[in-house]
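Inspection log for the structure reproduced underneath, given as structure tokens.
Bear in mind that the values in this text are calculations on the coordinates, not laboratory data. Note that the coordinates shown come from a computational prediction; the quantities given were computed from them, not determined experimentally. Glycine also receives a Cβ, built like all others from the backbone with ideal geometry; neighbour counts cover every protein chain displayed.
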Amino acid sequence: MVAACAPEPATESEPALAAFLIDQDFADPDLLEADGSYVAFATNTGGVNVQFATSDDLADWEVSLEDALPELPAWASEGRTWAPDVSELAEGGYIMYFVAAHTASDKQCIGAATSSSVTGPYVAVEGEPVVCTLDEGGAIDPAVFTDDDGSRYLIWKNDGNCCAMDTWVQLAPLTADGTGLAGPATKLFMQTEAWEGQLVEAPVMVKRDGTYVVFYSANDYGSDQYAVGVASAPAITGPYVKQPEPLLSTTSTHGRYLGPGGQDVLSTPDGDLIFFHGWNELFMYRGMHSAPLEWDGDVPSVRLP
């Protein structure tokens, strides 16, 4: 864990640290609705490759003791299974994209696993990883985007910050069964803003009023400098223009959230919500938060609860 300094206690003029929806280690949350309830998946912890939790109302969550991905593929080593993304397949069943340690190189790569049940157990697709760009430092933080015509894409980040290289948010079309890429990757954007530090990561794409909007995280995940940014484009492959300041940060929330990031966006009957992790006050674990996401055309903003 990266060392970080705890913030000063809240004063009367500042809000206290926001309460967690899941008050334990539950980083990089990915949300979806299935069978009339909600499921959240998260990065590994305590011997579990992929965590999951369930809720009927998005307020009260029960974290399962089961592992959604109990067995890793042959190419992967245990201990660094990060940032799962689960989506429903058109023909039925579910597919999970996950990050794991590539044994042969010790870099991170993206694999896929399938299940007939949303909570698993998921069975990893054997063979080579879906994305394993070792010459770019590896690949992490997968997320699926489905366009209006049903075309499905995988968006991710090359893990260049592992090896003193640039980090690029990238996108490629998926095969019909989702277990491979159907074309070359397009680089969408990299770290350019001062607040982003040395990296951009954790991209999630949505479409609003015909505009492609990417929510992403940047800076040092182990500190209160981690934050959520937004980039948008008129076409899926760009060009993308970033909002100059973070959408969500420790500073913009006056310390309500510490190092918010690893976000996902969920559409509900009552409007869009952004889910994300943040540190507890001692920087010992990252729990799950949510906040209402509001739109002015294709420009998002977060309404603090």
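Answer with one residue from I22, W168, I155: the one whose Cα lies farthest towards the positive end of the charge dipole of the chain, charges on Cβ with Lys, Arg +1 and Asp, Glu -1.
Positive-end residue among those listed: W168.
Roughly how many debye, to the nearest 20, is the charge dipole of the chain about its Cα centre, given +1 on each Lys and Arg Cβ, -1 on each Asp and Glu Cβ, and no other charges?
The dipole magnitude comes to about 660 debye.
Semi-axes of the equivalent ellipsoid for the range 70-141, please: Cα gyration tensor eigenvalues, times 5, square-rooted, ordered largest first, whole Å.
Square roots of five times the eigenvalues give 22, 12, 10 Å.
Where in the range 217-239 does the label zone of S301 land, with the point 7 angstrom along Cα→C-beta and an amide N cut-off under 13 Å?
Those under the cut-off are none; the list is empty.
Given 0.36 nm per residue, what is the gain on full extension from D23 to E128 after removing their alpha carbon distance, in nm?
Going from the current span to full extension adds 34.2 nm.
In percent, how large is the relative contact order of the range 30-290, given Cα pairs closer than 8 Å and 6 or more residues apart?
Relative contact order here is 10 percent.
In nm, to one decimal, how far is the D60 label point from the S37 one, both placed 7 Å along Cα→Cβ?
So the two model labels end up 1.2 nm from each other.
Return L174, L154, L58 ranked ascending by Cβ neighbour count within 10 Å, so the fewest neighbours appear first.
If I rank by nearby Cβ atoms, fewest first, I get L58, L174, L154.
Ranking C162, C132 by Cβ neighbours within 10 Å, fewest first, what do you get?
Starting with the residue having the fewest Cβ neighbours, the order is C162, C132.
List T167, T119, T250 from most exposed to least, where exposure is judged by having the fewest other Cβ atoms within 10 Å.
T119, T250, T167
For the chain, please report how many Lys pairs fall under 17 Å Cα to Cα, leaving out neighbours fewer than 8 apart on the same chain.
Pairs that pass both the separation and distance tests number 5.
Quote the FRET efficiency, to the nearest 0.05, computed for Y285 versus T251 with a Förster distance R0 of 22 Å and r equal to the Cβ-Cβ distance.
Plugging the Cβ-Cβ distance into 1/(1 + (r/R0)^6) gives 0.50.
Please report the orientation-averaged projected area of the chain, defined via the convex hull of its C-alpha atoms, in nm².
15.0
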